[in-house]
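Report on the structure given below.
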Amino acid sequence: MDGFAVEKENKGLPPISIDPNTFLKEQFVLPMLPSTLMQILQVVHSDVGGAAQVTELIGRDASMVSHILRVVNSAYYALPKQIANLQHAVAYIGLGEVSRICLTLSVINTLKPKDKKELQNFWLHSYLCALIAKRLVREYRNVGEIGDLYAAALLHDIGKLVYTRFFPDHYAEMRKYCATYGRFLVDAEQHYSMPSHMTFGALLCDHWNLPATVKRACEAHELQDLKVFKSRPDATPFELVIIVSNLIAALATDFLEESLKEEVTTEIKSCLGIGKEELVKFLGDVYELKIKAETTIGPMV
């Protein structure tokens, strides 16, 4: 990438010009991720320390403890009984999974917009995407990176948070376009000749050295990615699950015009190899997942 110096007409919005080599470092500066998270990740990825040390580190942050317990007891894990103790939660789901929950919370909290409604919309869509992804894996796909699924599904749209932080007026105008015409954000970005939120997400992953699976999710999760999926020799089931989960979550939470919804459902049926009745049944289950997602994300905002 050589940068985005937008020259053509952008229909009223001032152009956004960024240099990928300095963006998030010099042009628009982001803080480092919390030191507690760095310590947790260091323990998890080393042979020193273990569950007791991770539990002690997490215990220093009451909001992180609360978040982990809420997620562990949510529909994503569907445990037979509630876990009320952080130590038990760490022991039950493992250090790797706990570290990924801490990572997603830290990333979102560091980037979270001031607009509470916008933050709520982000959490709802992203958490619903995670629930759908898990259901898709169970019913349709064998995904090798199953442990990375939660973080990738939850963080696939972090490029939108970069927009809300550094270019809020552009983002608000593009969201207005989406609401008016029933289109995806990527369509508004193209309409106004703006950098894509996928590009912002990928740059953020590089800046914070986030997992490769998260970067892949940020780079490819839109309808166009689904359309070319079958023609890509390097395409993986993990990527397909992220793309389809994002699109199904959008069907459940966003206003989309009818022809776009038809286009989305046609591509989903083709890539999953399912018929109309099976997709309709799956979408019915998704609306139940949406209710569970709303219940889970309420206290997070």
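The values are calculated or read from the model by the stated rules, or taken from the named source; none is laboratory data. These numbers were taken from a predicted model, which means no experiment stands behind them. Heads up, the Cβs are rebuilt from the backbone with ideal geometry, glycines too, and the neighbour counts pull from every protein chain shown.
Some notes on this structure:
- Listed by position, the helices (runs of 4 or more DSSP H) enclosed by segment 118-194 that each have at least 1 residues that are surrounded by fewer than 23 Cβ atoms within 10 Å (Cβ to Cβ), assigned by TED's automatic domain parsing to the domain that holds Phe282 and charged (D, E, K, R) are 158-166, 168-181, 185-191.
- Evaluated against (1) farther than 18 Å from Leu204 by Cα; (2) in a helix (DSSP H, G or I); (3) among the basic types (Lys, Arg), Arg60 falls short on exactly one condition, (2).
- Checklist (1) closer than 28 Å to Leu37 by Cα; (2) at pLDDT 95 or above; (3) not polar (S, T, N, Q) applied to Phe184, failing item: (1)
- Qualifying residue in segment 207-216 (condition: under 23 Å from Leu155 (Cα atoms), surrounded by 16 or more Cβ atoms within 10 Å (Cβ to Cβ) and free of Cβ contacts under 8 Å to residues at least 24 places away in the same chain): yes
- Checking Leu103, Leu124 one by one, the residue that is in contact (Cβ under 8 Å) with a residue 40 or more places away in the chain and within 22 Å of Leu185 (Cβ to Cβ) is Leu124 and no other.
- On inspection, Tyr76 does not qualify as surrounded by 13 or more Cβ atoms within 10 Å (Cβ to Cβ), among the aromatic types (Phe, Trp, Tyr) and not in a loop (DSSP other than H, G, I, E, B).
- Considering Phe255, Phe238, the condition of being of a type in the set (Phe, Trp, Tyr) and in contact with a Lys or Arg (Cβ under 8 Å, 6 or more places away or on another chain) is satisfied by Phe238 alone.
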